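J.: Structure below; questions to follow.
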């Protein structure tokens, strides 16, 4: 699963807060007047199951979106993931607010045009970000592919040098181990760097 998809889906879920907006409007409706039992509303909406359903949906969307953001941050860079998340949250919130809650009603045309331009700037920024991230991801993948081969070559050269000079040089460090020669000419490894000598027993 790509980081863009995880961030975009999490941000889209976080932006769909029209259920939260609906609950806030219900609170405002109840608190706006004192006439009758329902305040400024014809009937008190909190006597119906809808506010509680909307609250449950809002909490669920918020938890799921934060979980997806946390999953994305485990694998991808925070600058990339949070930018995609916040960008899609703004875009999703603007769409749901205007289509579902009709927040554009009564706004002048100039304001709506500037609003659309602002959303376009966000989308352009997301495109530039994703394009740059794709290029950097390709570079990191190439580096990871070449690194094991370089390490293997270096290790092979190190082992080759150690085996070549094992019987000729005394006290040489190879792979962190000191080589020491015995009296019979065969090398023996000493981890602490102390030469080992083979003592002959005169009695035998």
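J.: Counting only residues that are surrounded by fewer than 19 Cβ atoms within 10 Å (Cβ to Cβ) and part of a loop (DSSP other than H, G, I, E, B), which one in segment 1-19 is modelled with the lowest pLDDT?
T.: Of everything passing the filter in segment 1-19, 1 is modelled with the lowest pLDDT.
J.: Follow-up. Taking only segment 40-51 into account, find how many residues are more than 11 Å from residue 19 (Cβ to Cβ) and in a helix (DSSP H, G or I).
T.: In the first step, residues of segment 40-51 are kept if they are more than 11 Å from residue 19 (Cβ to Cβ); the result is 40-49.
Still in the list and also in a helix (DSSP H, G or I): 45-47.
Of the residues in that region, 3 qualify.
Yes or no, residue by residue, for (1) outside the structural domain of residue 23 (by TED's automatic domain parsing); (2) surrounded by 11 or more Cβ atoms within 10 Å (Cβ to Cβ); (3) in a helix (DSSP H, G or I):
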residue	(1), (2), (3)
59	no, yes, yes
71	no, yes, yes
79	no, no, yes
103	no, yes, no
112	no, yes, yes
115	no, yes, yes
118	no, yes, yes
122	no, yes, yes
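J.: Only one of 31, 22 is loosely packed, with under 14 Cβ neighbours inside 10 Å and on the phi < 0 side of the Ramachandran plot; which?
T.: Details: 22 fails: loosely packed, with under 14 Cβ neighbours inside 10 Å.
The unique qualifying residue is 31.
J.: Let me ask something additional. Which residue is nearest to the chain's Cα centre (by Cα), if the candidates are limited to segment 91-101 and must be in a helix (DSSP H, G or I) and surrounded by fewer than 17 Cβ atoms within 10 Å (Cβ to Cβ)? Reasoning before the result, please.
T.: Step one: of segment 91-101, the residues in a helix (DSSP H, G or I) are 91-99.
Going one step further and asking which of them are surrounded by fewer than 17 Cβ atoms within 10 Å (Cβ to Cβ), we end up with 95, 98-99.
Values: 95: 26, 98: 30, 99: 31 Å.
So the residue we want is 95.
The values are calculated or read from the model by the stated rules, or taken from the named source; none is laboratory data. Nothing here was measured: the structure is a model prediction, and the numbers come from that model. In this analysis, Cβ positions are derived from the backbone assuming ideal geometry, glycine residues included, and neighbour counts consider all displayed protein chains.
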